[in-house]
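Here is the structure we will look at, set down as structure tokens.
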Amino acid sequence: MKRYTTAEIRQIFLDYFKRQGHAVVASSSLIPVDDPTLFFTNAGMVQFKGVFLGKEKRKYTRAVTVQRCLRASGKHNDLDNVGYTTRHHTFFEMLGNFSFGDYFKREAIHYAWEFLTKELGINPQKLWVTVHKNDAEAEDLWQKEFKATATFPQGLSRCCDKDNFWAMGETGPCGYCSEIFYDHGPQYKGEPPSAEGDGGERYVEIWNLVFMQFERDSSGKLTPLPKPSIDTGMGLERIAAVMQGVHDNYATDTFVELHQRFTKALSAKFGATSNILKSQEMAITSRVVADHIRAAMLLVAEGIVPSNEKTGYVLRSIIRRAVYYLYRLGIRQPFFYQMVCPLTAMLKDIYPEMQLEKLKGQIANIIEQEEIRFLDTLDRGLKILEDEITKLQCKTIPGLLAFNLHDTYGLPIILTAEIARARGFDLDQEGFATEMAKQRETSRAASKCGVIETIKLDVDERTEFVGYTQNSCVSKICGLFKKDGTPLKAMRAGEEGMVVLGKTPFYAESGGQVGDSGEIYSDTGVFLVKDTQKHDSQCLHYGYIVKGYLELSAEVNAEIDTKRRQALRLNHSATHLLHKSLRLVVGEHAMQRGSFVDDKRLRFDFTHASALTEKELYELEQMVNAQIRANLEVKTAIQSLEEAKQEGVFALFGEKYGEEVRVVTMGEFSKELCGGTHVANTGEIGLFKVVSETSIASGMRRIEGATGENALILVNNIEYKLKKVAQLLCTGITQVTDKIEQILEEKQIQEKEFLRLKNKLADNKVKDLVNQAINIEGILVLSANIPDVNDKALRQMADSLKQQLGRAVVVLATVNAEKIQLIVSVTKDLTEKIKANELLQHIAKQIGGSGGGRADMAQGGGVVISALAGALDSVLPWVKSSL
């Protein structure tokens, strides 16, 4: 059997199925688009779900992909296994071939067997096949394939639903599976796969063929599909281990270089002969780092940043898990981020569309900042967990404790669970989930998107969008629903809900542009549309009946709010100009990572490490406004995705694009893929003004801006305020800056003189206080209440007094805003017997306060002002008793 690199296997797979008439389809994003059921793409079929469900059509009926996948959340979560097994990963690549009502079991079985035994040259006696116990058809086809090719596997077994039945959900498309296993040899423990148990470490599943042949209803009844389909998946990392003669996925070429870089860096830190490098802990950590850096880097490249919500929380957990394992090795400084550069070199040619080379600096910075944040609190979080474990009367860590560690110290639940497991404890996962739910409930506002994700609408008609060229149209009502999705035959005045039309000029929220508003009306009534949202192939018009009633199937007029739509157009077109200008002003790495466009403003998120300078913001505004004044023609055209890419059209990585795309061109300046609504000429925008530029996460910035009338209102408000300032300063608008600089200069001179006089008074006060010190056995003790000074002046006076008194104990107090501030200072030669922090505690207890510090200096305060005099009088006796 010839040995192939991972890159060679990837290409051999694509080439083989291309020869079998499959369209080569690019990997989709790790973040599924328009699929609220998943956080991450966890299988090759995810991008084809719409095709399998009959909601989407492609030009091809068979396809092949190498799909980027992530399994670190939800039902498919391998995160806590990474490091402890040889074949679990968070990020991995899935090789897959698909048929959409084209070929079925016979061809799928033939392609799989021929690819493994002929293309890759695997000995069939090293392979074991499983089928579903009720799938006699598949078993018969396998036997025919073996006889036809005279290549027989080591064995074939029948398994049950648990292993050999696949379903997209509780209802919907489903079918039997046939899995292919590779036998790594008798040196590993395990039995052949069967219905009774798994194969241990010896037999490893490498390919799963899913025969999508049934439709399952809510009662569990299986009905044959009119066009059965094929969905297959083979883990690239697993087949690479087979082809490179290793049992451990982490021993393949994909990971070896990362291991070497990691070991080299640790050798420099601990020494090349360190026992740490040879330990089992090192082996586990090396696997964790190699796996997690791939997942973390690619998620950040797709615009995800660490946070406490959804995908951001999963990314945070992955990074922090790696940092925790490095911490266990003794690494207390940011280290994980250093793996970004070597990994970029390995992946940049495999995923050119991700522009990893341009983004590596930003990615490394985001990961490093997350490391710093976690390391700042990790010591305390771990200590609290260990302390609490020792106090537990049972073997279960409470969910509330796990939540507090997560909420206060950033300890992800996955780490708490791992630490618990290592100590022989269980973790109350349900209790943790309950606490998380409480927190979300208190901070979460009701979201219309949340409603859309959960409702199911019984509507077959697709909504035709005509709003690119029309502001109104005549249409038919295809569906009337309450807000919760309950169907209606009619909707009457005062009732709120959703209307689905066969044709609409209303733009449904997408690509950052909010949905249109307006009216749907007929002779019988008027429905006020407040918002428009997408739901599968329909547009949902949200609103309420303001007059009369509307009935199902009635003919209606649909008319958008044209003034609002025009404001939306201005802002959306300006985001295209802003995006291109940003990349020209601050660099190509300034990639869009989100946008929001409504009729009032535009918001644009992008990757950049630091705040834009005043000069950069000025250049940005100037460049955008120059394109507006140029009155560039805005053109839209429908092209194939491949044609658009060849022409250099800018596509946002991670967005879902169909076979045909809409290209928006603004003169020679900007060319992007976009489905939103735009102006006819950039001159319509009128004016662009930056409102703010802020940080939203490490390595992520946000610009908010205004256009058209809103920008003019902003400028007018600024001018109005400037005129008011000029009036207050008794000068003209053009002299405001000079006048303010003059006032500040005079203020600075006055402050210096005030400070000089204040210091002189303080010096005189110090001299007076020196004379008040009482000598006790050669030690000068001074305690005093100093009125009208701040805490900074109090510290300065204490330092000055200590220097002048020599061997001394100094206690100073002052009262500001009904609160007492205390400073206790002790010369270092006395700290063996007299400790400043202990004396402070003695005084603070008497005045209802607290404080702390070192043996030579401590500070604190209190609130019982009436007790201050007595507390200061107690200093002398306390010092005497300490000698």
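The values are calculated or read from the model by the stated rules, or taken from the named source; none is laboratory data. Keep in mind that this is a model prediction, so the values were computed, not measured. Here the Cβ positions follow ideal geometry from the backbone for every residue, glycine too, while neighbour counts run over all protein chains shown. SASA here: full protein model, heavy atoms, side chains in, ligands and nucleic acids out. Shrake-Rupley method; radii C 1.70, N 1.55, O 1.52, S 1.80 Å.
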Taking segment 741-871 and dividing mean pair separation by its residue count, relative contact order in percent (alpha carbons under 8 Å, at least six apart)
17
As a test question: what accessible area, to the nearest 10 Å², does W166 have when a 1.4 Å probe is rolled over all protein chains in place?
50
How much accessible area does R423 have with a 1.4 Å probe, in Å² rounded to the nearest 10?
100
Could you give the length gained on full extension between E633 and Q260, defined as 0.36 nm per residue of separation minus the Cα-Cα distance, in nm?
128.9 nm
Once the Cα atoms of helix 136-149 and of the chain are each reduced to a long axis, what angle between those two axes, in degrees from 0 to 90 to the nearest 10, is obtained?
80
Classify segment 819-883 as rounded, prolate or oblate, taking a ≥ b ≥ c as the square roots of the eigenvalues of its Cα gyration tensor: rounded when a/c is under 1.5, otherwise prolate if a/b is larger than b/c and oblate if not.
oblate
Which Cα, out of L382, F688, Q538, lies furthest along the positive dipole direction of the chain (beta carbon charges, K/R +1, D/E -1)?
L382
How far is helix 736-770 tilted off the main Cα axis of the chain, in degrees rounded to 10, range 0 to 90?
50
Excluding V875 itself, what net charge comes from residues whose Cβ is under 14 Å from its Cβ, given Lys and Arg +1 and Asp and Glu -1?
+1
With a Förster radius of 51 Å, plug the Cβ-Cβ distance of T390 and E647 into 1/(1 + (r/R0)^6) and report the FRET value to the nearest 0.05.
0.20
For segment 241-272, list residues with backbone N below 15 Å from a point placed 7 Å from the Cα of E8 toward its Cβ?
241-246, 252-254
Given a 1.4 angstrom probe, I'd like the percentage of the accessible area of the chain that is carbon and sulfur, rounded to a whole number.
49
Give me the lysines in straight-line cross-link reach of K760: C-alpha distance below 25 Å, same-chain residues under 8 apart excluded.
K747, K752, K792, K802
Below 15 angstrom from the Cβ of G271, what's the summed charge of the other residues (Lys, Arg +1; Asp, Glu -1)?
+3
How high is the relative contact order of the chain? Use alpha-carbon pairs under 8 Å, at least six apart in sequence, and give a whole percent.
6
HN-Hα J couplings of segment 713-721 from phi, Karplus 6.51/-1.76/1.60, θ = phi - 60°, integer Hz, Gly and Pro as x?
4, 4, 5, 4, 5, 4, 5, 4, 5
Which of L70, F100, N81, positive extreme of dipole for segment 43-118 (C-beta unit charges):
F100
Sum up the lysine pairs in segment 321-428 that clear both bars: alpha-carbon distance under 22 Å and a spacing of 8 or more or different chains.
4
Compare the peptides 379-385, 82-88 by average per-residue count of other Cβ atoms within 10 angstrom and give them in order, highest first.
82-88, 379-385
Inter-label distance for R380 and T694, nm, one decimal - labels placed 7 Å from Cα along Cα-to-Cβ
2.5
By the C-alpha gyration tensor axes a ≥ b ≥ c (rounded if a/c is under 1.5, else prolate when a/b exceeds b/c, else oblate), the shape of segment 113-216 is oblate
Can you order the peptides 314-324, 490-500 by their average number of other Cβ atoms within 10 Å per residue, highest first?
314-324, 490-500
Given labels modelled 7 Å from the Cα in the Cβ direction, how far is it in nm from K278 to Y84?
2.7
About its Cα centre, how strong a charge dipole does segment 621-751 have in debye, to the nearest 20, once Lys and Arg get +1 and Asp and Glu get -1 at the Cβ?
360
Cβ charges +1 (Lys, Arg) and -1 (Asp, Glu), total dipole of the chain, debye
1580
Over segment 590-694, how many pairs of lysines fall under 21 Å by alpha carbon, counting only those 8 or more apart in sequence or from different chains?
7
Diffing segment 416-432: the Karplus 3J(HN,Hα) column from phi (6.51, -1.76, 1.60, θ = phi - 60°), in whole Hz with x for Gly and Pro, holds 4, 5, 5, 5, 4, 4, 5, 8, x, 10, 8, 10, 6, 5, 5, x, 4
In square angstrom, what is the accessible area per residue of the chain with a 1.4 angstrom probe?
47
With a point put 7 Å past each Cα toward its Cβ, work out how far E745 is from Q154 in nm, to one decimal.
8.9
Tell me which lysines have Cα within less than 16 Å of K144's Cα, excluding those fewer than 8 residues away on the same chain?
K105
Peptides 724-732, 531-539, 502-510, 7-15: what's the order by average Cβ count within 10 Å, highest mean first?
502-510, 531-539, 7-15, 724-732
Checked against the positive end of the charge dipole of the chain (+1 on Cβ of Lys and Arg, -1 on Cβ of Asp and Glu, about the Cα centre), the farthest of S522, A493, A240 is A240
Pairs of lysines in segment 1-68 (C-alpha under 30 Å apart; 8 or more residues apart or interchain):
7
Net charge near Q627, counting Lys/Arg +1 and Asp/Glu -1 over other residues with Cβ under 14 Å of its Cβ?
-2
May I ask you to list the lysines whose Cα is less than 17 Å away from that of K845, ignoring any residue fewer than eight positions away on the same chain?
K819, K835
Sequence gap at least 6, Cα distance under 8 Å: using those rules, report the relative contact order of segment 563-703 to the nearest whole percent.
31
